[in-house]
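Values quoted throughout were computed directly from the atomic coordinates according to the rules given, and no laboratory measurement underlies them. These figures come from a predicted structure and were not determined experimentally. Neighbour counts are summed over all protein chains in view; Cβ atoms, including those assigned to glycine, are modelled from backbone coordinates with ideal geometry.
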Amino acid sequence: MNKRFTRILATSIAAAALVGSLGACGKGSASATSDGTSEITMWTHNAGNPEELAAIKSVVDSYNKSGAAKAQIKVQAFPQDSYNDSVVSAAAAGKLPCIVDIDGPNVPNWAWAKYLTPLKLSADLSKNLPSTVAKWEGQTYAVGYYDVALAMLARASDLKAAGVRAATVEKPWTKEEFQDALTKLKALGKWQYPLDMGTAGSGEWLPYAYSPFLQSFGADLINRDGFQSADGTLNGDKAVAWAEWFRGLADQGFMAKKSGKDSTQDFLNNKSGLLYTGSWAADKARTALGKDLVVMPTVDLGNGPKVGGASWQWGVTSGCKNADAAMDYLSYSLKPENLAAVAKATGTIPATDEAAALLPAFAEGGANRIFMEFSRNYAVMRPETPAYPFIATEYGKAVQDILAGADPKTVLDKAVKAIDANIKSNGGYKN
């Protein structure tokens, strides 16, 4: 089979499996420009997100009017649900735009599929949070304006009533303390389930939210030494212990096997006492609860707290006819004031300290500064391998099966078998 077609097929299958989130996409060796090279097109998934789209367009307008623009940037926005299909189709036809946004963990797959060219920017990326810079095989292929971080939210009044200390960056809850906290919170009798872990989630939420717990147990989604097998890593003793612990939260009545669709609103409506969510929920929760809101790190299950690293990022496609202009725009867009504007619009963690200093909530002493600490101290990149979209899908299935009551070892062995077969069938995802 033609190698190029094989990569289109492999990445398209992976994308189809990631329903509801952006997965990997097919191979594209050329990019389309509009009217030669004086105008280049940039695609984004933000059509359904008016705040972020407006912020991105503002950056583009500023660049276009700067007088130093090497090309005029034209923004084309897609709804997130259809963005992946649009990219797959364009890649197969060799008609990708010059600039695309990409969900961070999928960058290695896009690079392997020859979508992306390594970035050559004038901006100093060493100032960025590490999780906002996507690399594969030693080269940088994408950069993001922001990141997000997972956390535990609670009411100070509830913790006090239950006799539970608030976890801190310096002293997060241990596995035993978490168990004790849940037991005491449940004993208050205020909620059917004291903990909301967002178990109604699907797609990329499943590996993003729950693989950090797996990693805190000392296991992982794949052996990162070569990224050639998940055997012994995703199905070893530590992984099974994670699965039994996770299912145990439901068995003990601490959390629902399937939570409500809007966990943040349920928490604010006092349907839960402890919410596992992301930094995106903090502003809404703080507005509702004021000083009663407590933001805590996630749990140390033996190997320190962990959170998933990387969010949406930007890259330049390999066939762009004016890559110099595309790189120039991306360099311009990384100015602190631009990063700050996008982070403010999205409620996310700005990628640099310089940008954070422009936002009171994220500046030193700000209410949201703690999320930058979580990102710097706890972030673990989802496996930087082209196999990630397939791994994510298999892990997501495993999470749902484990919650449904299936035997953890059997479920994890099945996931490992599928992952290893996928990697082998794609030649180890080597260039």
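By the beta-carbon count within 10 Å of each Cβ, the least crowded to most crowded order of CYS98, CYS320, fewest first, is CYS320, CYS98.
Computed about the Cα centre, the dipole magnitude for the chain is approximately 360 debye when only Lys and Arg (+1) and Asp and Glu (-1) carry charge, each at its Cβ. When MET372, MET381 are sorted by how many other C-beta atoms sit within 10 angstrom of their C-beta, beginning with the fewest, the order is MET381, MET372. Each principal axis of the Cα atoms in the stretch 144-196 has its own extent, and those three values, largest first, are 43, 24, 19 angstrom. Ranking VAL299, PRO408, ASN422 by Cα position along the charge dipole of the chain, where only Lys, Arg, Asp and Glu carry charges on their C-beta atoms, puts ASN422 farthest toward the positive end. Counting neighbouring Cβ atoms within 10 Å and putting the fewest first, the residues VAL416, VAL100 line up as VAL416, VAL100. In this Cβ point-charge picture (+1 for Lys and Arg, -1 for Asp and Glu), the stretch 226-303 has a dipole of about 320 debye about its Cα centre.
May I ask you to compute the full-extension gain from LYS417 to LYS261, defined as 0.36 nm times their residue separation minus their alpha-carbon distance, rounded to one decimal in nm? Write down the numbers at each step before the final one.
Working: separation 156, 0.36 × 156 = 56.16 nm, distance 3.17 nm.
Length gained between LYS417 and LYS261: 53.0 nm.
Over the chain, the reciprocal of the mean inverse Cα-Cα separation, the Kirkwood hydrodynamic radius, stands at 22.3 Å. Cα centroid separation, the stretch 171-189 to the stretch 198-225: 22 Å.
Ordering MET197, CYS320, THR352 by the projection of their Cα atoms onto the charge dipole of the chain, which places +1 on the Cβ of Lys and Arg and -1 on the Cβ of Asp and Glu, puts CYS320 at the extreme positive end.
Taking every alpha-carbon pair in the stretch 106-202 and binning the separations at 5 Å intervals from zero gives 2, 10, 15, 14, 10, 9, 9, 10, 10, 8, 4, 0 percent. What longest range of the chain stays clear of loop-exposed GluC sites (Glu not before Pro) (DSSP non-H/G/I/E/B, at most 14 other C-beta within 10 angstrom)? Longest gap between qualifying sites, sites excluded: 171-363. Placing +1 on each Lys and Arg Cβ and -1 on each Asp and Glu Cβ, with no other charges, gives the stretch 72-185 a dipole about its Cα centre of roughly 200 debye. Any chance you could check the Cα centroid distance between the stretch 262-314 and the stretch 112-148 for me, in angstrom? When both Cα centres are located, 27 Å separates them.
The angle between the Cα long axis of helix 388-403 and the longest principal axis of the Cα atoms of the chain comes to about 20 degrees, rounded to the nearest 10. Taking the chain as the reference, fit the longest principal axis to its C-alpha atoms, fit the long axis of helix 3-17 to the helix C-alpha atoms, and give the angle between the two in degrees, 0 to 90, nearest 10. Rounded to the nearest ten degrees, it is 40.
Once you've got the Cα coordinates, tell me which of LYS184/LYS414; LYS284/LYS344; LYS135/LYS335; LYS171/LYS344 are over 25 Å apart. Beyond 25 Å: LYS184/LYS414; LYS171/LYS344. Relative to the longest principal axis of the Cα atoms of the chain, the long axis of helix 237-251 lies at roughly 60 degrees.
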